[in-house]
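Heads up, the thing below is written out as structure tokens.
Taken together, the values in this text are just the output of simple stated rules run on the coordinates, not laboratory data. What you are looking at is a predicted structure, and each value in this text was computed from that prediction instead of being measured. When we count neighbours, we look across all protein chains shown, and the Cβ atoms used for this are built from the backbone with ideal geometry, even at glycine.
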Amino acid sequence: MVSNTKGVSSRAVKRAKLSESASPDEGAQNATNKHSIFTKWSQDRGVEISGVAPMRLPGRGLGLVTTRAIATDERMLFIPEKAMFKPNQRFLKAQSLERASPQAQLAMSAMTVAKSDDSPLAVWQATWPSAEDLSQALPMCWTQTERDNLPPSVQQPLARQEEDYRKDWEAVSKVCEDHGWSETDWMYYWQIINSRSFHWKSPRGKTGSMVMCPFIDYMNHGPSETTCTVIQGPRGYEMLADRDYEAGEEVLATYGAHSNDKLLVHYGFVCSSSPDSPNPDDDIRLDHLLLPALGDDVRSQLQDVGFLGAYALLPATNELCFKTQVAVRAVLLTCNEWEYFMASGEDLRADQTAAVKAYLMPLLSRYSTLATDNLNLLLSERPVGYQQSAADVLITRWTQIQEALVAYVR
Ligand SMILES: C[S@@+](CC[C@H](N)C(=O)[O-])C[C@H]1O[C@@H](n2cnc3c(N)ncnc32)[C@H](O)[C@@H]1O
């Protein structure tokens with residue numbers, strides 16, 4: 001039993017379940033209604049909303065937009081703990097799922113409620129993306145052709161996500177079978193939780209848990225230092241304006257200092273980033289180029305000092321990350337020189353920046369060729385086997401990679 005979802009008016013539920021009509025105007029009207037109904041539903045549960053409202057935004061689903069001018073530090077949202085949807089520990093215990101991952105526990109709790117007749121979450125569910133929206137956006141659901149075009153740096157976080165998904169499915173598959181729910185049903189709720197949950201640590205509890213928070217889950221992501229502040233207070237989450245806003249501006253929160261590779265895998269989008277306006281959180285991973293080039297001895301030396309892997313070019317500063325600089329110097333320098341650089345960040349004798357760049361040039365040039373080939377294929381008139389949305393996001397990511405490489409080797 002999830003206490004914070006009790007008592008929803010069944011009239012509101014039925015209204016929210018109105019199917020979207022064939023007429024575009026009526027469809028738009030219903031879409032507006034379901035967001036108004038959910039806004040009221042959230043307020044009835046103690047969510048405080050001031051000066052923001054949900055709005056459909058091109059290329060990013062729904063987002064929160066200011067309805068009036070907002071001053072720096074003004075509170076736009078407050079989500080009390082009582083309005084949060086939490087894992088249902090009693091149900092999880094009864095199903096022997098206490099040891100499942102926090103994501104699996106929350107997804108299973110949400111699915112159980114959402115699939116019940118007259119679901120108390122129906123008003124909220126009506127505002128979530130559809131299974132089709134998710135499968136178009138998330139690489140884990142893409143066809144092999146689309147996945148083959150992903151940059152090599154995306155493969156590792158994708159493999160990790162698939163491993164997490166597989167373990168969670170193994171943990172819950174029997175419970176799903178008992179309830180007559182398919183893996184496709186389950187995957188939808190797993191993906192919803194993956195992209196819409198928060199980590200809440202109750203001031204009363206010893207441990208934290210993953211939760212869902214109504215209304216604030218409309219908020220789209222922006223890079224670090226460019227977004228509103230979401231803080232956890234003793235009674236709930238607050239969202240404060242980071243600057244003055246005019247009416248009609250989108251307000252963003254940051255989901256973390258994530259690279260675009262990670263955003264693509266977990267959330268199905270990439271932030272804009274170009275040499276003129278780089279994303280401070282982005283990096284262009286170079287492991288697939290550098291690790292094979294280093295050789296066994298150097299790799300083992302780097303492993304000993306904790307510098308093996310996670311090599312990157314940083315588009316925001318047009319520089320190589322420190323680990324990459326250490327790794328290439330392990331090839332170029334004597335042991336003393338290398339250790340001096342590792343400890344001080346400076347070269348003992350002449351500055352090795354140009355030598356490091358010269359070492360990397362053939363590798364980066366190979367990567368640039370791969371980016372060009374993939375872009376040519378995606379930009380060809382009719383790339384076979386690609387959904388438009390997958391092709392678009394791949395074009396964006398490969399262009400970012402290509403631009404960062406060109407800016408560095410210039
Ligand atoms: C917590 S939800 C935010 C609300 C969501 N836009 C919706 O329509 O329900 C997270 C999802 O929003 C989308 N999103 C968030 N930030 C975005 C951004 N900066 N650009 C494009 N899509 C974004 C992604 O689909 C992501 O998985």
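Taking the Cα centre of the range 204-280 as origin, sum charge times position over the Cβ atoms of Lys and Arg (+1) and Asp and Glu (-1), and report the length of that vector in debye to the nearest 20. About 620 debye.
Here's the picture: charge each Lys and Arg Cβ at +1 and each Asp and Glu Cβ at -1 in the chain, and of Ala71, Leu92, Leu364 the one pushed furthest to the positive end of that dipole is Leu92. Peptides 187-196, 57-66 ranked from most to least packed by the mean count of surrounding Cβ atoms within 10 Å: 187-196, 57-66. The range 129-163 and the range 50-86 have Cα centres spaced 29 Å apart. Applying 1/(1 + (r/R0)^6) with R0 = 30 Å to the Cβ-Cβ distance of Gln387 and Lys40 gives a FRET efficiency near 0.25. Highest mean packing first, where packing is the average number of other Cβ atoms within 10 Å per residue, the peptides 381-388, 136-143, 242-249 line up as 136-143, 242-249, 381-388.
Placing +1 on the Cβ of every Lys and Arg and -1 on the Cβ of every Asp and Glu, with no other charges, gives the chain a dipole of roughly 1520 debye about its Cα centre. Among Thr112, Ser224, Thr254, whose Cα sits farthest toward the positive end of the charge dipole of the chain (+1 at Cβ of Lys/Arg, -1 at Cβ of Asp/Glu, about the Cα centre)? Ranked along the dipole, the leading option is Thr112. Couplings 3J(HN,Hα) of the range 53-65, computed from phi: 8, x, 8, 6, 10, x, x, 9, x, 8, x, 9, 10 Hz, in residue order, whole Hz [Karplus 6.51 cos²θ - 1.76 cosθ + 1.60, θ = phi - 60°; x for Gly and Pro]. Residues whose amide H falls under 5 Å from that of Gln95, counting only those 5 or more places apart or on a different chain, are absent, with hydrogens built in the peptide plane. Think of the range 284-409 as a dipole: +1 on every Lys or Arg Cβ, -1 on every Asp or Glu Cβ, centred on the Cα centre; then among Ala327, Val384, Ala316, Val384 lies furthest on the positive end.
So what is the calculated 222 nm ellipticity per residue for the chain, using -39500 (n - 2.57) for each DSSP H run with n of 4 or more, over all residues, to the nearest 500 deg cm²/dmol? The helix-only estimate for the chain comes to -15500 deg cm²/dmol at 222 nm. The slack in the chain from Asp276 to Arg90, taken as 0.36 nm per residue of separation less the alpha-carbon distance, amounts to 61.7 nm.
If we sort 370-377, 160-167, 308-315 on the protection proxy, mean other Cβ atoms within 10 Å, highest first, what's the order? Don't jump to the answer; show the numbers that get you there.
On the way: 370-377: 15.6, 160-167: 13.5, 308-315: 20.9.
Put in order of decreasing packing, that is 308-315, 370-377, 160-167.
Between Ser380 and Leu348, the FRET efficiency estimated from the beta carbon spacing at R0 = 35 angstrom works out to 0.10. Rounded to the nearest 0.05, the FRET efficiency derived from the C-beta distance between Glu183 and Ala316 at R0 = 25 Å is 0.05.
For the residue pairs Lys40/Lys93; Lys206/Lys262; Lys93/Lys167; Lys115/Lys206; Lys86/Lys206, the C-alpha atoms sit more than 24 angstrom apart in Lys40/Lys93; Lys206/Lys262; Lys115/Lys206. Computed from backbone phi with θ = phi - 60° and the Karplus coefficients 6.51, -1.76 and 1.60, the 3J(HN,Hα) list for the range 348-354 is 5, 9, 5, 4, 9, 3, 5 Hz; x is used for glycine and proline. Using a cutoff of 8 angstrom between alpha carbon atoms and counting only pairs six or more residues apart, the relative contact order for the chain works out to 18 percent. Is the chain rounded, prolate or oblate when judged by the Cα gyration tensor, a ≥ b ≥ c being the square roots of its eigenvalues, rounded requiring a/c under 1.5 and prolate requiring a/b larger than b/c? Prolate is the answer for the chain, as a/c is 1.5 or above and a/b outweighs b/c.
Residue order for Ser50, Ser182, Ser109, fewest other beta carbons within 10 angstrom first, comes to Ser182, Ser50, Ser109.
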